[in-house]
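Following: one structure in structure tokens, then a few remarks.
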Amino acid sequence: MKKLQQILIILTAFAVMAVAAYNRNGKVWGHDFNTADTATKAAAADTMRTLADGTIVVNTTGLAKDVSGFGGPVPLEIYIRNGKVSKVVALKNSETPDFFSHASSLLTRWNGKSIDEAAKMKVDGVSGATFSSRGIIGNMQRGLQYAAKNAKEPSPFDAMDHSAKGIAALIVVLLAAIVPLFYRNRRWRTVQLVLNVGILGLWCGTFLSWATFLNFAANGIDVLAALVPVVMLITAFVYPLFGKRQFYCTHVCPFGSLQELAGRTNSRKWKMSPTLIRRLNFFRELLFAVLMVLMATGVFAEWADYELFTAFAFQSASIVVIVLAVVFVVLSVFVPRPYCRFVCPTGSLFKLF
């Protein structure tokens, strides 16, 4: 029952994110509800594009303007998957429907052929639909010539960040996600906290926040391109299902790490009464509820852009965010992780699991 409750909470959180993503961007998981038709038309005008599954689509509209059938140009879309033609689709044209329907039997002739094989094929026109056939064959030749020069099958690993920054961030987040599961040592934890702040926070500006959630909810996740955030998401949403509650907050979060490091500079903390702690916890819960309502209704979903994590990107962060971040870091010298415990909307979500 406990795991079922956690799963239901996670699904509810995702539903709120989806609604907020729609209100904020008009998109959910990469699907643009507001401009789907416009996007489709724009894509159709591209000479070459790559679909989410890696399929390359060559559009012959601009490649074969001078190649005509009976009524004018006969543009095609050539779909290339794993180096082979998977299908050919005829776009809107001015051919006589009966003649073109007859000639359309040619569209499958290149299926299953590699680009080179397809380009070398000698295809005869369909008797009775000579002009439409000539338009199809001519467009295929132009499209295949273009594909031979420009269609490079993308590797699944091309999207990965191979820079020194990307590799360093991946190493640090994997250490944070794995080492604490098997090894507990104060000195090592200090090293990890410093790495979290220096690499994940200041150098890479990579962290989880409601703005991150909304971005993923709106546009989807390219796992390899966003490998570091994906590891963070696993520690935040999957680890709690196996008893590791708030693992991300404790071991990964750069701003939480910065607060803990600041707190270690002073062993004498302010004494807070149980009543004050209860009131501060109530404030955090109330704040979280209000922010969720604002987000779900779209009244002020922009608050997600002002979580204090963005202070790590100090060159572009709001001055208000930077000042508040500094205030909480200074406060953490006297109160253990005050932002994490009594304010953080992202942490409040994770505390529900």
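Read the figures in this text as sums done on the coordinates, not as results from a lab. Source: prediction; values computed, not measured. FYI the Cβ positions are ideal-geometry reconstructions off the backbone, even for glycines, and counts take in every protein chain you see.
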- Message: Explain nothing, just compute: Karplus ³J(HN,Hα) = 6.51 cos²θ - 1.76 cosθ + 1.60, θ = phi - 60°, for every residue of the range 68-84 in order, whole Hz, x for Gly and Pro.
- Response: 10, x, 7, x, x, x, 10, x, 10, 10, 9, 9, 10, 10, 6, x, 10
- List, in order, the whole-Hz ³J(HN,Hα) value for each residue of the range 161-172 obtained from phi through the Karplus relation with A = 6.51, B = -1.76, C = 1.60 and θ = phi - 60°; use x for Gly and Pro. 7, 9, 6, 4, 5, x, 5, 4, 4, 5, 4, 5
- Query: Straight-line reach from K84: which lysines have Cα under 16 Å away, leaving out those fewer than 8 places along the same chain?
  - Reply: K113, K120, K149, K152
- Using Cα positions and a limit of under 19 Å, work out the lysines in reach of K351, with same-chain residues fewer than 8 apart set aside. K2, K3, K244
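Given the Cα-Cα distance of L276 and V230 and 0.36 nm per residue of separation, how much length would full extension add, in nm?
On the way: separation 46, 0.36 × 46 = 16.56 nm, distance 3.65 nm.
Answer, rounded to one decimal: 12.9 nm.
Only Lys, Arg, Asp and Glu count, each charged at its Cβ (+1, +1, -1, -1), so figure out the dipole size of the range 55-150 about its Cα centre, rounded to 20 debye.
Numbers: 12 positive and 7 negative charges, 62 e Å.
Result for the range 55-150 is approximately 300 debye, rounded to the nearest 20.
Taking the mean number of other Cβ atoms within 10 Å as a proxy for protection, how do you rank 270-277, 209-216, 282-289 from highest to lowest? If you can, show how the numbers build up before the last one.
On the way: 270-277: 9.8, 209-216: 21.0, 282-289: 13.6.
Descending mean neighbour count gives 209-216, 282-289, 270-277.
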- Message: Cut-off 10 angstrom, C-alpha nodes, Gaussian network model of the chain. Which of T50, T61, T108 fluctuates the most?
- Response: T108
- What does the helix-only formula give at 222 nm for the chain: each DSSP H stretch with n ≥ 4 adding -39500 (n - 2.57), the total divided by the residues, and the result rounded to the nearest 500 deg cm²/dmol? -15500 deg cm²/dmol
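Please compute the Kirkwood hydrodynamic radius of the range 192-273 from all pairs of different C-alpha atoms, in Å with one decimal. Could you put the intermediate results ahead of the total?
Values: mean 1/r = 0.0708 Å⁻¹.
When all Cα pairs of the range 192-273 are included, the Kirkwood radius is 14.1 Å.
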- Item | Selected from L227, L107, L170 as most flexible by GNM, with the chain as the system and alpha-carbon contacts under 10 Å | L107
- Note on the structure: the range 66-129 and the range 218-238 have their Cα centres apart by a whole-number Å value of 41 Å
- Which whole-angstrom value gives the distance between the alpha carbon centres of the range 275-353 and the range 192-207? 19 Å
- Query: How large is the charge dipole for the chain, taken about the Cα centre, if only the Cβ atoms of Lys, Arg (+1) and Asp, Glu (-1) carry charge, to the nearest 20 debye?
  - Reply: 1780 debye
